[in-house]
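Report on the following structure.
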């Protein structure tokens, strides 16, 4: 190989490496959920009912840090410009716990096992997707059981829709957060009924 060809090949490799570095550095990280309350202080949780939220179950193909979009009925693609800061199952769990804590201020919502809960909350995501038009669809089942894990206190299913307006990563993250918020609204009602004596 002549010096000219060697230098040309080296330049091509260097360009590819720089392009790869550029694409990596432009990859942005997103999280589900809304910012927590800014108020500071100490509150006693003594005597409050405790709800233990288990890690939310999601379909295996969704449980990664990829931000996925549905391109066809049977195909999903990962965003080349954005990713989640944690696996989706953990992201939903943390966002849902935060949302429930905001909606149920007189109830302790914990994701830590073995905290002596009054009830346990199990959530299973059947479907959580972004369509090509930017519409987010979330389908989930949830149930509350007694602390012994045997007596079922409640069980429900819901489907929620939120428009992202576009398939931009930020819009997708906002729409998926909105869908989780809708889920939190309904689960909070289930929790309130379960904790209210003689509730029907």
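On full extension of the chain, what length is gained from residue 166 through residue 137, given 0.36 nm per residue of separation minus the C-alpha to C-alpha distance? Walk me through the numbers on the way to the answer.
Values: separation 29, 0.36 × 29 = 10.44 nm, distance 1.40 nm.
Value of the extension gain: 9.0 nm.
Under a crude label model (7 Å from the Cα following the beta-carbon direction), how far is residue 73 from residue 31 in nanometres?
3.9 nm
If you stretched the chain out fully between residue 156 and residue 45, how much longer would it get, using 0.36 nm times the residue separation minus the C-alpha to C-alpha distance? Numbers along the way, then the final one.
Numbers: separation 111, 0.36 × 111 = 39.96 nm, distance 2.77 nm.
In short, 37.2 nm is gained.
How would you rank 31, 58, 108, going from fewest to most other Cβ atoms within 10 Å of each one's own Cβ?
Details: 31 12, 58 23, 108 17.
In increasing order of surrounding Cβ atoms, one gets 31, 108, 58.
Using 1/(1 + (r/R0)^6) with R0 = 22 angstrom and r between the beta carbons of residue 148 and residue 186, what's the FRET efficiency to the nearest 0.05?
Details: r = 25 Å, r/R0 = 1.13.
With a Förster radius of 22 Å, E is 0.30.
Compute the semi-axes of the equivalent ellipsoid of region 50-111, taking the square root of 5 times each eigenvalue of the Cα gyration tensor, and list them largest first in whole Å.
Ellipsoid half-lengths, sorted descending, are 29, 11, 10 Å.
Just the number: Rg to Rh for region 49-195, Cα atoms, Kirkwood Rh, two decimals.
On the way: Rg = 15.6 Å, Rh = 15.7 Å.
With Rg and the Kirkwood Rh in hand, the quotient comes to 0.99.
What FRET efficiency comes out for residue 102 versus residue 60 if R0 is 35 angstrom and r is the Cβ-Cβ distance? Round to the nearest 0.05. Before the final figure, lay out the partial values.
On the way: r = 30 Å, r/R0 = 0.86.
Step by step, r from the Cβ atoms, then E = 0.70.
Laboratory data are not the source of any read-out in this text; all were calculated from the coordinates shown. All values reported here derive from a predicted model rather than from experimental measurement. Neighbour counts run over all protein chains shown; Cβ positions are idealised from the backbone, glycine included.
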